[in-house]
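Data first, discussion second: the structure below is written as structure tokens.
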Amino acid sequence: MSAPAPGPARFITFEGIDGSGKSTQIKRLADDLTAQGHDVIVTREPGGSAGAEEIRALVLQGEPDRWSAETEILLFTAARRDHMERTILPALAAGKIVLCDRFADSTRMYQGLSRGDLRAVVDQLHTLMIGREPDLTVLIDMDPAVGLSRALSRQTADERFEAFGEGLQAAMRQGFLDLAQAAPDRFRVVDGAREIDAIAQDIAAIVTATIT
Ligand code: ADP
Ligand code: TYD
């Protein structure tokens, strides 16, 4: 499923630990691409459609043990399925470039790693219910200590996973790098510990090379 896209990349996801700068960079990239005349939509997970945004509140708010690990995987996958059906696939069919803040790689890391090894369950459910990988995934790599301090300084209500702390974020950082190594056709890794402009330039170069 990680084979290179046959045509130009249209479905582009951004991954990385909490606070790695995904939202900041997606906004910059969307503005640049739009200014160049591309038809772009920005979306996010969990969420990105009306139903999936409702599920977002269920999975991101409340106590860490609110859901069992398995129920949580089902909820994230249900949200993703609705997001695919209602937002992503229609946009791709209309020829738009879809920039998505997190996708299945986040479930592979967060639900696959955080409460025992559930990676196989995540992958099986993905195959069954989603069955598609992005054309391109930009991984913003970042020291967890920096990412966590940035993320916590935002103080939103969606903090169920940010409360996991630095040890788990470190495991996920390595997990994301391992995913990137396992699917080099789809992934590009960018160093997130730099100025916003420098990171944006790298991402613009990567994306420009793949959308044409
Ligand atoms: P994410 O979406 O990956 O959680 P954000 O884009 O929301 O990350 O960034 C988290 C915080 O860090 C925000 O307050 C943002 O303004 C800030 N930030 C983002 N990129 C940088 C950077 N390169 N250097 C310093 N601060 C940054
Ligand atoms: P997000 O809003 O991207 O948070 P941040 O801006 O801090 O990166 O994502 C919210 C949280 O949801 C984040 O902590 C990661 C978690 N998450 C999962 O646990 N599994 C998933 O499948 C997805 C998409 C997100």
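The values are calculated or read from the model by the stated rules, or taken from the named source; none is laboratory data. Because the structure is a prediction, the values reported are computed rather than measured. Note that each Cβ is placed from the backbone with ideal geometry, even for glycine, and that neighbours are counted across all protein chains shown. With ligands, DNA and RNA removed, areas are computed over all heavy atoms of the protein, side chains included. Shrake-Rupley method; radii C 1.70, N 1.55, O 1.52, S 1.80 Å.
Observations
- Some residue of segment 164-186 being modelled with pLDDT under 85 and in contact with a Ser or Thr (Cβ under 8 Å, 6 or more places away or on another chain): yes
- The criterion of being under 26 Å from L148 (Cα atoms), in contact with a helix residue (DSSP H, G or I) (Cβ under 8 Å, 6 or more places away or on another chain), away from ligand 1 (no atom under 13 Å from the Cβ) and modelled with pLDDT of 95 or more holds for T77.
- The residue that is nearest to Y110 (Cα to Cα), among those in segment 22-51 that are open to solvent by 20 Å² or more (accessible area, probe 1.4 Å) and touching a residue at least 60 places away in the same chain (Cβ under 8 Å), is S23.
- All positions within segment 83-97 that are surrounded by fewer than 23 Cβ atoms within 10 Å (Cβ to Cβ) and under 16 Å from the mean Cα position of the chain (by Cα): M84, T87
- Selection count where residues are more than 16 Å from ligand 1 (Cβ to nearest atom) and open to solvent by 80 Å² or more (accessible area, probe 1.4 Å), scope segment 189-212: 1
- Residue that is nearest to F103 (Cα to Cα), among those in segment 52-69 that are open to solvent by less than 50 Å² (accessible area, probe 1.4 Å) and aliphatic (A, V, I, L, M): A52
- When the criteria are applied in full, R10 meets the requirement of being under 20 Å from V190 (Cα atoms), open to solvent by 30 Å² or more (accessible area, probe 1.4 Å) and more than 16 Å from ligand 1 (Cβ to nearest atom).
- Single match in R154, R173 (criterion: basic (K, R) and either open to solvent by less than 10 Å² (accessible area, probe 1.4 Å) or in a loop (DSSP other than H, G, I, E, B) (or both)): R154
- Of the residues contained in segment 27-41, none is found to be of a type in the set (A, V, I, L, M, F, W, C) and either within 15 Å of ligand 2 (Cβ to nearest atom) or at positive phi (or both).
- Filtered residues of segment 127-143 (kept if open to solvent by less than 10 Å² (accessible area, probe 1.4 Å) and not in a loop (DSSP other than H, G, I, E, B)): L136, T137, V138, L139, I140
- Scope segment 91-117; condition touching a Pro at 6+ places or on another chain (Cβ under 8 Å) and either in a strand (DSSP E or B) or without any contact (Cβ under 8 Å) to a residue 12 or more places away in the chain (or both); matching residues: C100
- In segment 62-90, the residues that are within 11 Å of ligand 2 (Cβ to nearest atom) form Cβ pairs under 7 Å with partners that are in a helix (DSSP H, G or I) and charged (D, E, K, R), at six or more places apart or across chains, as follows: A79/R56.
- The set of residues in segment 49-81 being in a helix (DSSP H, G or I) and over 18 Å from D123 (Cα atoms) consists of A50, G51, A52, E53, E54, I55, R56, A57, L58, V59, L60.
- Segment 97-142, residues that are within 14 Å of ligand 1 (Cβ to nearest atom) and at pLDDT below 95: Y110, M142
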